[in-house]
1. With the checklist (1) more than 18 Å from the chain's Cα centre (by Cα); (2) modelled with pLDDT under 95 in hand, flag the one item residue 102 doesn't pass.
2. For residues that are in a loop (DSSP other than H, G, I, E, B) and within 14 Å of ligand 2 (Cβ to nearest atom), scanning just segment 52-104, find the one that is nearest to residue 203 (Cα to Cα).
3. Among the residues in segment 71-78, are any without any contact (Cβ under 8 Å) to a residue 12 or more places away in the chain and surrounded by fewer than 17 Cβ atoms within 10 Å (Cβ to Cβ)?
4. Go through segment 14-35 residue by residue and tally those that are surrounded by fewer than 21 Cβ atoms within 10 Å (Cβ to Cβ) and assigned to a helix (DSSP H, G or I).
5. What helices (runs of 4 or more DSSP H), lying completely within segment 116-209, carry at least 2 residues that are open to solvent by 10 Å² or more (accessible area, probe 1.4 Å), modelled with pLDDT of 85 or more and under 23 Å from residue 33 (Cα atoms)?
6. Given the condition under 27 Å from residue 190 (Cα atoms) and either open to solvent by 50 Å² or more (accessible area, probe 1.4 Å) or near ligand 1 (Cβ under 9 Å from one of its atoms) (or both), answer yes or no: does some residue in segment 82-96 qualify?
7. Among (1) more than 16 Å from ligand 3 (Cβ to nearest atom); (2) under 16 Å from the mean Cα position of the chain (by Cα), which single condition is residue 41 missing?
Amino acid sequence: MIESKVKQTLRKIKLPTNTKILVALSGGKDSAVTAYLLQRFGFKIEGLYIDLRIGKYSEDCLKAVKELCKRLKIKLHVYDIKKEQGKTMQDIWKKIKKKRLNNCAVCGVFKKWILNKTARKFKADKIATGHNLDDEAQTFLMNVFKGSPELSANSGAITKNIKDKKFIPRIKPLFYVFEEDVKKYAIQKKLPFIKGKCRYSQESYRGEVRNFINSLSGKDKKNIMKNFQSFSGKIQKDKKTKMLYCEVCGEPSRGKICKRCVLFRH
Ligand code: AMP
Ligand code: FES
Ligand code: ZN
């Protein structure tokens, strides 16, 4: 069932099989299944692991990613944040602690920046991430709590409304698949993945929303997803976002200086 769902999703976003896809591999089950299925459906894929240097957690993730790439016989690129940017994620967090920004929100900004830059470097046509339906429902609920459900308008199996030569579109092949089903499939296919989650992501607001959704009955959980799906199909899509280039790093940005460079400067 997961296979046909993903196939349908890929057909909907009209990806030709000669598309070169850089799969963002975190060491978790979702990105492992994403890589496995993309390869199975005939796409040319390579893996990218971003080593944020968050202690032992990063080492364990890298180990799982290496095993996966060996099993799938795909090329793995490792981006070491310390080597490339001179600071570990922990160094970066220390500097911006005063701003009371959540660790994982900061990590997310850096991951997106690195994914785009690296995908361009390796001439990938698309970036694939392992986001599943539960992740997307969390984002939706967070936007509802923020009072801005329309922020979910641009969410979908492929990034919408951004067209720029320096921006590599991101796809989410598991967009319509429940987390539980991804997990079962990863186990069934004996894919190597780490079981735990990064502890900082647990402490985040997203972590709280995730725990809240998980505390609900299966029926309530499904209803949130149902609302999300019907809502995201109906609301008016955002106007096309005009991209600027960051004055510091040259990456695509919504402002004069991109979020990564604002954070990095502290
Ligand atoms: P998360 O935000 O941790 O739930 O991760 C969502 C998706 O982002 C994963 O399924 C991966 O595709 C990607 N991702 C997360 N962490 C990393 C990482 N360290 N390196 C590469 N990709 C990552
Ligand atoms: Fe974001 Fe660990 S801090 S995944
Ligand atoms: Zn920048």
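1. Of everything listed in (1) more than 18 Å from the chain's Cα centre (by Cα); (2) modelled with pLDDT under 95, residue 102 misses just condition (1).
2. That would be 102.
3. Looking through segment 71-78, at least one residue is without any contact (Cβ under 8 Å) to a residue 12 or more places away in the chain and surrounded by fewer than 17 Cβ atoms within 10 Å (Cβ to Cβ).
4. Final tally of qualifying residues: 0.
5. 133-145, 179-188
6. no
7. (2)
The values are calculated or read from the model by the stated rules, or taken from the named source; none is laboratory data. For clarity, every value in this text was computed on a predicted model and none was experimentally measured. Note that each Cβ is placed from the backbone with ideal geometry, even for glycine, and that neighbours are counted across all protein chains shown. These area figures cover heavy atoms from the full protein model, side chains too; ligands, DNA and RNA do not enter into them. Shrake-Rupley method; radii C 1.70, N 1.55, O 1.52, S 1.80 Å.
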